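Here is the structure we will look at.
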Amino acid sequence: MENQKFQMTGVLQRRNPVGTALPLMFDSPHSGNTYPTDFAHDCPRENIRWGEDAFIDELYETAPARGAWLLAAEFPRTYIDPNRGLEDLDPDMIDGSWPGDIRDNPKRDQGIGLVWRNAGAGVAFYQRKLSIEEVQARIDGYWQPYHAQMAEIAGEIQQRWGRRWHINCHSMPSPAFGKTLERDDMPKAEVVLGDREGGTCDGAFVEVVREAFEAEGLDVSVNEKFKGVELVRKFGDPANGCHSLQVELGRALYMDERRIEKNDGFKALHASVTRVIGKVADYVSAEIGA
Ligand SMILES: [Zn+2]
């Protein structure tokens, strides 16, 4: 029997389907909070913890019981962000000349590229340049293993079913908390779905997920501010039956954003997400005629 859990401590945790598997995967690239000992940032830790999509892995924890794979990072995305391409590094952060390719990216220019430079509200992450070796070690030890697991799961699904559905799981600061970060552009919606304007999954899948969250009484918008970034771009290929959708849950629904603690809403949202996962699994089952 297949191992149900695979863990690289401090890097990632992968859980395989329990029981009958479906061509369905969830991943939580930003919920990690195991800070590597060599993460020598210069600003206080409390200035950067808002970068965590705290508790998102826990909100989706019932996915394997519904036949889906669930991958979650254990490292913080501010150290290195698995939802960015390697080309999204800011070369000005590096001591020396970065040997890899670099591409233009507005998120990098905001200081939230592959390696974060901006802690929000004008707080600088580092007072120094990062060495090439230091960044390469983050890529090799954290970014690559995460992408390798994504590719392995996606490849196994592709091989077994020839089609795939993927939900890339995130959370977003509330508009009120966003203001404290000097980011006044946070959506008012409680849930934002992102398919890069139709580029990463078919519209029917978006509607299934939208209706499932709306049935929970939540206010849902699509491609508002959060349109989907690297992981849905890389793994979504709707013309070939591979559907990737980004889901952002408003943090105020389930946590105290300042203290990074669950609030009274957590239990209800967990139950809602569990029902959404059930509806998504039913949809995928019907699509493959299971
Ligand atoms: Zn995120």
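Quick note: the coordinates plus some simple rules give every number you see, no bench work behind them. What you see is a predicted model; the values in this text were computed from it and never measured. Here Cβ is always computed from backbone atoms with ideal geometry, including for glycine, and neighbour counts include all displayed protein chains.
Select from region 32-59 the residues that are in contact with a Phe, Trp or Tyr (Cβ under 7 Å, 6 or more places away or on another chain), in contact (Cβ under 8 Å) with a residue 60 or more places away in the chain, part of a loop (DSSP other than H, G, I, E, B) and within 13 Å of the ligand (Cβ to nearest atom) and list them in ascending order. 55 - this is the single residue of region 32-59 that is in contact with a Phe, Trp or Tyr (Cβ under 7 Å, 6 or more places away or on another chain), in contact (Cβ under 8 Å) with a residue 60 or more places away in the chain, part of a loop (DSSP other than H, G, I, E, B) and within 13 Å of the ligand (Cβ to nearest atom).
Please determine, by comparing only the residues of region 9-22 that are away from the ligand (no atom under 16 Å from the Cβ) and under 19 Å from the mean Cα position of the chain (by Cα), which one is farthest from residue 260 (Cα to Cα). Within region 9-22, the match that is farthest from residue 260 (Cα to Cα) is 16. Out of 82, 76, which single residue is buried (at least 23 other Cβ atoms within 10 Å of the Cβ) and in contact with a Gly (Cβ under 7 Å, 6 or more places away or on another chain)? Residue meeting the stated conditions: 76.
Yes or no, residue by residue, for (1) outside any helix (DSSP H, G or I); (2) not small (Gly, Ala, Ser):
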residue: 61; (1), (2): yes, yes
residue: 65; (1), (2): no, no
residue: 72; (1), (2): yes, no
residue: 75; (1), (2): yes, yes
residue: 82; (1), (2): yes, yes
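Could you tell me whether region 89-96 includes any residue that is within 16 Å of the ligand (Cβ to nearest atom) and over 14 Å from the mean Cα position of the chain (by Cα)? No: zero hits. Listed here are the helices (runs of 4 or more DSSP H) enclosed by region 131-236 that have at least 1 residues being within 17 Å of the chain's Cα centre (by Cα) and among the hydroxyl-bearing types (Ser, Thr, Tyr): 144-161. Scanning region 151-187 for residues that are within 16 Å of the ligand (Cβ to nearest atom) and among the polar types (S, T, N, Q) yields a count of 3. Residue count for region 212-225 satisfying the condition of being without any contact (Cβ under 8 Å) to a residue 40 or more places away in the chain and more than 16 Å from residue 188 (Cβ to Cβ): 0.
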